[in-house]
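The values are calculated or read from the model by the stated rules, or taken from the named source; none is laboratory data. Computed from a predicted structure; not experimentally measured. Positions of Cβ are backbone-derived with ideal geometry, glycine not excepted, and every protein chain shown enters the neighbour counts. What goes into the accessible areas is simple: the full protein's heavy atoms, side chains included, and nothing from ligands, DNA or RNA. Shrake-Rupley method; radii C 1.70, N 1.55, O 1.52, S 1.80 Å.
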Amino acid sequence: QVQLVESGGGLVQPGGSLRLSCAASGSIFSINAMGWYRQAPGKQRELVAGFSRGGSTNYADSVKGRFTISRDNAKNTMYLQMSSLKPEDTAVYYCNRIPPLERDWGQGTQVTVSS
């Protein structure tokens, strides 16, 4: 079983930036479709950015142009660079496969966008 550990969240002002990291215990990024998900209070978890198995990227309309997903297969780490953050980006952010495996959900990392 692969462990996924998210980090890099925090409190940031509107318009600010953060970079999230997702570290895996094994080499899964190069062979699986992977993505970043988020869950805001009272809302369902949603996929915001992802890699297909072929390596192409896709983004939810709400983050397109502001978030960038990347990965370093050698380090078994995936990143989410978030810029021009908005209060509505406030959520717990998780990484997982696409589609997600329930057993692979980690603790997530909290992102709070507030002045």
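The table below gives the values:
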{"quantity": "Condition met for Ser17 (open to solvent by 70 Å² or more (accessible area, probe 1.4 Å) and either more than 15 Å from Gln110 (Cβ to Cβ) or aromatic (Phe, Trp, Tyr) (or both))", "calculated": "no"}
{"quantity": "Contacts under 8 angstrom Cβ, first residue in the stretch 26-40 being buried (at least 16 other Cβ atoms within 10 Å of the Cβ), partner in a loop (DSSP other than H, G, I, E, B) and β-branched (Val, Ile, Thr), 6 or more apart", "calculated": "Ile28/Val2; Asn32/Ile98; Ala33/Ile98; Met34/Ile28; Met34/Ile98; Gly35/Ile98"}
{"quantity": "Residue list for the stretch 84-115, filter: closer than 18 Å to Asn58 by Cβ and either among the small types (Gly, Ala, Ser) or open to solvent by 20 Å² or more (accessible area, probe 1.4 Å) (or both)", "calculated": "Tyr94, Arg97, Ile98, Pro99, Pro100"}
{"quantity": "Residues of the stretch 48-74 that turn out to be open to solvent by 60 Å² or more (accessible area, probe 1.4 Å) and touching a residue at least 40 places away in the same chain (Cβ under 8 Å), as a count", "calculated": "2"}
